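> After the structure tokens below, expect a handful of questions from me.
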């Protein structure tokens, strides 16, 4: 495969990933949030989607400074860990008992 063709394939893949993330974000924005569990489910769905991969490719990969790359990757991992930890310490029944806007 030529370099030009490889670049075309990569660019097409990136566009498809970004489009997928865009659709997921639009769907999440339209999803009603009635309880904390609704919000948690949306956040968890986005975290397990391609959002983080797109973040990595668009924001982290182009950086020249390895220390900045590592800092951003660490912050991203900590964010995911906090969300998962929250889900373990606040089970579904607790999250469903907290109504939005209260």
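> Mind checking the full-extension length gain between residue 15 and residue 60? Use 0.36 nm per residue of separation minus the Cα-Cα distance, one decimal, nm.
The span from residue 15 to residue 60 would gain 14.5 nm if fully extended.
> On a 0 to 90° scale, report how tilted helix 36-47 is relative to the longest principal axis of the chain, with both axes built from alpha carbons and the result rounded to the nearest 10.
10 degrees
> Expressed as an acute angle from 0 to 90° and rounded to the nearest 10, what is the orientation of the C-alpha long axis of helix 66-89 relative to the principal long axis of the chain?
30 degrees
> Ok, one more. Just need the relative contact order of segment 3-96 here, percent rounded to a whole number, with Cα pairs under 8 Å and 6+ apart.
Contact order relative to length: 35 percent.
> Follow-up. Between rounded, prolate and oblate, where does the chain land on the alpha carbon gyration tensor, with a ≥ b ≥ c its root eigenvalues, rounded for a/c under 1.5, else prolate if a/b exceeds b/c?
It comes out oblate by the Cα gyration axes.
> Go ahead and run the numbers for FRET between residue 102 and residue 70, Cβ-Cβ distance against an R0 of 41 Å, rounding to 0.05.
For R0 = 41 Å, the calculated efficiency reads 0.55.
> With angles folded into 0 to 90 degrees, how steeply does helix 3-30 sit against the dominant principal axis of the chain? Use alpha carbons for both and round to 10.
20 degrees
Taken together, the values in this text are just the output of simple stated rules run on the coordinates, not laboratory data. Remember, predicted model here, so these are calculated numbers, not experimental data. Reconstructed Cβ throughout: ideal geometry from the backbone, glycine too, with neighbour counts over all protein chains shown.
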